[in-house]
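Here's the structure, in structure tokens; my notes come after.
Just so it is clear, none of the values below were taken in a lab; they were calculated from the coordinates. As the structure is a prediction and not an experimental result, all values here were calculated from the model. When we count neighbours, we look across all protein chains shown, and the Cβ atoms used for this are built from the backbone with ideal geometry, even at glycine.
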Amino acid sequence: MSQDQGRTMTEIIEAVAGYRVHEKRGGKFYYNLHMNQSMSDTPIEALDLSVRSYHSLQRAGYSRIGDLAEAIAGGVELSKIRNCGSKSCREIMEKLFVYQYNMLPQEKREGYIKETMMLNAKKRRDDLVVYGSGVR
């Protein structure tokens, strides 16, 4: 287990980017999935999920990280999986982010965090336009 494996997504972002991250309840966090073959073939056990989250994914037929990533990229909503509530969904997405971050070469990690922060800033700005003014 690497040094960052036990850290949360917000701890990693704060350490690398220097930004204080405020998580609001029910808020969404966006990031791009960058999978290589070895990551795709890795069993979901590598995500170190809670028993509930792990069994939910197993029952839904996800045994490899690549299968899970493809389903998420394809629009599958984790919340529709039996026994996968909001806490489990958040845990799965956070552990997938941390796993992917840890698998990146050291020199690419900072760029990945900055890319993620820019993506989230853009999504939030777009949400403000849609919900704030009613006009897009």
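Of the cross-linked pairs Lys28/Lys123; Lys87/Lys122; Lys80/Lys122, those separated by over 21 Å at the C-alpha level are Lys87/Lys122; Lys80/Lys122.
If I take R0 = 41 Å and measure r between the Cβ atoms of Ser79 and Glu107 in this structure, what FRET efficiency does the formula 1/(1 + (r/R0)^6) give, to the nearest 0.05? List each step's numbers first, then the result.
On the way: r = 36 Å, r/R0 = 0.87.
That pair, Ser79 with Glu107, gives E of 0.70.
Residues whose amide H lies under 5 Å from that of Arg64, counting only those 5 or more places away or on a different chain, are Ile44; hydrogens are built 1.01 Å from N in the peptide plane.
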